[in-house]
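Structure first, then comments.
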Amino acid sequence: MYKIFDTVDEVSLYTAQRLLEKIKAAPSAVMGLATGSTMEPVYAQLLGALQQSPVDLSQLTTFNLDEYIGLSAEHPQSYNYYMCQHLFNQLNIPKHNIHLPDGLASDIEAACLAYSNAIQTMGGMDLQLLGIGSNGHIGFNEPQTCFNSRTHVVELSEQTRIDNGRFFVEQSEVPTLAITMGIKDILEAKEIILVATGRNKTDIMAQLFSSEIDERLPASALKQHSNLTIVLDREAAALLPEQAFKNAV
Ligand code: GLP
């Protein structure tokens with residue numbers, strides 16, 4: 001299902017409200033969280049809503065999608081740091097309920113396995129929030145990732161390193177490796193919301209719309225999911241055919 005809004009503000013408000021509804025309906029929900037610039041206004045709206053009308057988050061569990069290998073939680077470009085800045089520092093989610101892949105784990109393979117197992121032990125995500133890379137990646141699952149994958153180590157594509165280079169001082173500082181939740185972990189979420197905004201996402205959203213389910217376009221795996229909402233602004237939706245707008249708001 002597509003939801004298409006005029007502005008980023010509307011996209012973010014809608015998405016934040018969906019997260020909030022889920023938390024209110026199920027205080028012990030398991031939420032899959034994402035990073036990236038798309039999520040910043042979503043989290044800002046969520047914080048604003050929670051400030052106005054506080055909700056007890058003491059039973060909430062979160063799992064983040066991915067993390068760079070080699071960056072500590074104190075590194076300003078690590079996803080751990082991002083989540084603390086944009087969300088966790090302002091919320092009362094117990095620390096032991098917050099999960100991010102550990103990019104400094106001494107045994108990365110064991111850490112990946114433990115991460116997937118922890119997700120499965122919790123019964124999978126109740127709601128998974130996703131952004132999308134300009135090459136169609138979800139989490140850090142790059143093109144050609146097996147759709148059966150669990151949490152694993154990835155070598156970042158050149159395109160992804162260039163896209164994410166804007167957050168680093170020097171392009172050479174962008175890590176080459178990352179840990180990501182696998183596509184199977186993502187697909188086991190009971191509900192998925194994919195958010196894309198802005199001109200940089202116009203082409204990939206058009207490709208995704210017309211694509212078959214194909215490992216060359218990781219986000220196309222989501223087409224198998226029975227409870228997927230794709231939330232776009234007008235810019236990201238600019239090249240979608242009329243039929244995408246039929247059931248959209
Ligand atoms: C990164 C993250 C993805 C995110 C993507 C899009 O590569 N690993 O999870 O979806 O960037 O980010 P942005 O929202 O900044 O375009």
So which residues in the range 101-119 are outside any loop (DSSP other than H, G, I, E, B) and either surrounded by 13 or more Cβ atoms within 10 Å (Cβ to Cβ) or touching a His at 6+ places or on another chain (Cβ under 7 Å) (or both)?
-> Ile108, Ala111, Cys112, Leu113, Ala114, Tyr115, Ser116, Ala118, Ile119
Among residues of the range 21-70, those that are touching a residue at least 60 places away in the same chain (Cβ under 8 Å) and not polar (S, T, N, Q), counted = 18
Is there any pair with a first residue in the range 206-233 that is without any contact (Cβ under 8 Å) to a residue 60 or more places away in the chain and a second that is among the hydroxyl-bearing types (Ser, Thr, Tyr) and assigned to a loop (DSSP other than H, G, I, E, B) whose Cβ atoms are under 9 Å apart and which are 6 or more apart or on different chains, and what are they?
-> Lys223/Ser211
When residues of the range 173-193 are filtered for being in contact with a helix residue (DSSP H, G or I) (Cβ under 8 Å, 6 or more places away or on another chain), surrounded by 24 or more Cβ atoms within 10 Å (Cβ to Cβ) and not β-branched (Val, Ile, Thr), how many remain?
-> 2
Give, as residue ranges, the strands (runs of 3 or more DSSP E) completely inside the range 122-211 that count at least 3 residues that are near the ligand (Cβ under 10 Å from one of its atoms).
-> 192-196
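No value in this document is a laboratory result; all are computed from the given coordinates. As the structure is a computational prediction, the values presented were derived from the model and not from experiment. Note that we place each Cβ from the backbone using ideal geometry, even for glycine, and neighbour counts take in every protein chain shown.
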